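Chemist: Below is the structure I would like to discuss, written out as structure tokens.
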Amino acid sequence: MGRLIVVSNRVPLPDKRGNLPAGGLAVAVHAALQERGGIWFGWSGKSVGSAEPGPVTTRDNGKISYVLTDLSKRDMDEYYSGFANRVLWPIFHCRLDLAEYARREKDGYFRVNRMFADRLLPLLEPDDTIWIHDYHLIPLAEELRRRGVKNRIGFFLHIPWPPADILFAMPIYDQILRGLSSYDLIGFQTDHDLDNYVSCLIREGEPGRAPGTPTAAESPAAATVEAYGRTFKAATFAIGIETADFAALASRSKGTATVRDMRASMGQRDLIIGVDRLDYSKGIPERISAFETFLHAYPERQGKVTLLQVAPSSRSDVPEYQQMQQAVEAQCGHVNGTLGQIDWTPIRYVNRSVGRSSLAGLYREARVGLVTPLRDGMNLVAKEYVAAQDPDDPGVLVLSRFAGAARELKGAVLCNPHDSEQTAQAIERALSMSIEERRERWRRMMDYLLAHDVKQWCRDFLHAL
Ligand code: ADP
Ligand code: F6P
């Protein structure tokens, strides 16, 4: 078995003591790399301003080499903040209204993908397996093939794949579709994403071919695709978390200072928790509106329940994200100002990250996990909230039906985040649920998450590739 070569925009480097950064993907892929030996290639996280990026740097850690490239400010603006996060991200999340297409940024996206291919090429050996992650790097396989790479190359899309009418609104959608056909295996989070992708190919109609129809022998979650002169596989691999480790962390974290202080400051009040990057796809303004609707609809809950929204800034160079940050601050201020009491603040809004252990403990303290994205590839917060619960007294997950996780977490109370009255009812249903029903719903979800953890996801993908 050859080496594994992982490529992603961000590279989760271990710290000086060799500890891995938190997060399911980082842990699982590190485990696979450690087993087989290999390379994790990607952006160093550094911008070199107006200079051209220097040569790659390599950092070895056991059997893994981290090979990192810097980016220039122009690369960052055009490739990352521009095409990846102002065109692909909004379109793939069905936000055509927020997409800002510019030819210069598209050129930057393809330029950085070519640069990644040039820098990766000298590192490759013939029996390496290459695994490329996410929307930043869709054209990378095509660039590698152009340079003569014959290795098996897999791609996993962490975000949703949109319906054809939305994708086709993007001026260069055909280049994106064609680029994907250079992979041997394309992984999606859910069968909806796979269906959307296959429908795009069918609508595009390569003459003389019928791409994407699953054969009778295959499960509905996999398809053999013939398109653009190649035959390859597309399938679903729902990403999981390190369920058992996260549950253990949550049960240990009860004594941490953050959790103790939070509990003490809450008194007898119930805690509802929301944890997200500040991203418009997460539905944070809609969630705050739903919470306000809930407080009006159930006035007996006023003074007795608090929403803790932890939302660190994200992609702050992108104007839509800056606007959202201001809007969320104003909205929290409005709710607290109009409904708050001298000794009760309805919403506690924390605009930063919290450590993994505190996060696990806060999830466990919360009676309700409020996870209401407008659209989300998977949403790992939903899975973490479930894993963190006390089996004897679990909280209730209120989950948007538009999160990939809703396809799996059958014990959640589902809601439509666009309907604030329905979400308010879901919150009330969660808060008033009997202990028996809470335990039964939680057990169902926890058993599933234990059987489908992130290590399994990694194994399944690599096996299929
Ligand atoms: P996305 O990948 O779009 O950010 P996910 O919900 O799939 O969304 O994953 C987010 C990850 O980031 C989770 O592992 C979550 O614990 C972590 N995270 C999100 N917000 C915070 C925060 N405020 N503090 C610490 N970790 C966070
Ligand atoms: O889940 C999608 C994703 O883009 C991941 O690839 C990434 O780790 C995460 O969101 C955070 O985004 P960014 O790297 O832009 O901060």
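What follows is calculated from the coordinates using simple rules that are stated; it is not laboratory data. For clarity, every value in this text was computed on a predicted model and none was experimentally measured. Positions of Cβ are backbone-derived with ideal geometry, glycine not excepted, and every protein chain shown enters the neighbour counts.
Chemist: Please give the length that would be gained between ARG263 and ASP392 if that part of the chain were fully extended, namely 0.36 nm times their separation in residues minus their C-alpha to C-alpha distance (nm, one decimal).
Modeler: Residue separation times 0.36 nm, minus the Cα-Cα distance, leaves 44.6 nm.
Chemist: Another question, if that's okay. Roughly how many nanometres apart are two label points built 7 Å out from the Cα toward the Cβ at GLN175 and SER316?
Modeler: For the pair GLN175/SER316, the computed spacing is 3.1 nm.
Chemist: Determine the calculated [θ] at 222 nm for the chain from helices alone, applying -39500 (n - 2.57) to every DSSP H run no shorter than 4 residues and normalising by the residue count; nearest 500 deg cm²/dmol.
Modeler: The helix-only estimate for the chain comes to -12000 deg cm²/dmol at 222 nm.
Chemist: Consider a paramagnetic label point 7 Å from the Cα of ARG119 along Cα→Cβ; state which residues of the stretch 1-34 have an amide N under 15 Å from it.
Modeler: 6-13
Chemist: Less than 12 Å Cβ to Cβ from LYS106, Lys/Arg counted +1 and Asp/Glu -1: what total charge do the surrounding residues give?
Modeler: 0
Chemist: Roughly what angle does helix 284-297 make with the longest principal axis of the chain, taking Cα atoms, 0 to 90 degrees, to the nearest 10?
Modeler: That helix lies at roughly 20 degrees to the long axis.
Chemist: Taking the Cα atoms of the stretch 1-98 alone, what are Rg (to one decimal) and Dmax (as a whole number) in Å?
Modeler: 15.6, 46
Chemist: Further question: Dipole size in debye (nearest 20) for the stretch 338-418 around its Cα centre, Lys and Arg Cβ +1, Asp and Glu Cβ -1?
Modeler: Result for the stretch 338-418 is approximately 340 debye, rounded to the nearest 20.
Chemist: Starting from the Cα of HIS334, step 7 Å toward the Cβ, then list every residue of the stretch 290-311 with an amide N under 17 Å from that point.
Modeler: Residues passing the 17 Å test: 290-297.
Chemist: Using amide H atoms built 1.01 Å from N in the peptide plane, name the residues 5+ places from LYS233, or on other chains, whose amide H lies under 5 Å from its own.
Modeler: Those qualifying (amide H under 5 Å, at least 5 residues apart or on another chain) are LEU185, ILE186, VAL225.
Chemist: Roughly how tilted is helix 257-266, in degrees to the nearest 10 and between 0 and 90, from the longest Cα axis of the chain?
Modeler: Compared with the principal axis, the helix lies near 40 degrees.
Chemist: With an 8 Å cut-off on Cα pairs and a minimum separation of 6 or more residues, tell me the relative contact order of the stretch 250-355 in percent.
Modeler: 31 percent
Chemist: Another question, if that's okay. Stretch MET1-ASP343 to full length: gain in nm at 0.36 nm per residue minus the Cα-Cα span?
Modeler: Here the answer is 116.8 nm.
Chemist: Evaluated at 10 °C with a viscosity of 1.306 mPa s, what Stokes-Einstein diffusion coefficient in µm²/s does the chain have when Rh comes from the Kirkwood expression over alpha-carbon pairs?
Modeler: In µm²/s, the coefficient is 68.
Chemist: So for the pair ARG230, VAL350, with labels modelled 7 Å out along Cα→Cβ, what separation do we get in nm?
Modeler: 4.4 nm
Chemist: I'd like the Karplus ³J(HN,Hα) series for the stretch 306-312: coefficients 6.51, -1.76, 1.60, θ = phi - 60°, whole numbers in Hz, and an x wherever there's a Gly or Pro.
Modeler: Coupling constants for the stretch 306-312: 10, 9, 9, 10, 9, 8, x Hz.
Chemist: Checking the table LYS16/LYS282; LYS46/LYS455; LYS254/LYS304; LYS282/LYS410; LYS63/LYS254; LYS150/LYS282 against a 27 Å threshold on Cα-Cα, which pairs fail?
Modeler: Violating the 27 Å Cα-Cα cut-off are LYS16/LYS282; LYS46/LYS455; LYS63/LYS254; LYS150/LYS282.
Chemist: With each label point set 7 Å from Cα along the Cα-Cβ vector, what nm distance links LYS16 and ARG277?
Modeler: 2.7 nm
Chemist: Determine the sum of side-chain charges near ILE347: Lys and Arg each +1, Asp and Glu each -1, restricted to other residues whose C-beta is under 13 angstrom from that of ILE347.
Modeler: After counting each charged neighbour, the total is +1.
Chemist: Computed over the Cα atoms, what is the radius of gyration of the stretch 76-188 divided by 2.2 N^0.38 Å, N being its residue count?
Modeler: The reported ratio for this selection is 1.05.
Chemist: Next question, about the same structure. Give me the angle, in degrees from 0 to 90, between the Cα long axis of helix 191-204 and the longest principal axis of the Cα atoms of the chain, rounded to the nearest 10.
Modeler: Here the helix axis deviates by roughly 40 degrees.
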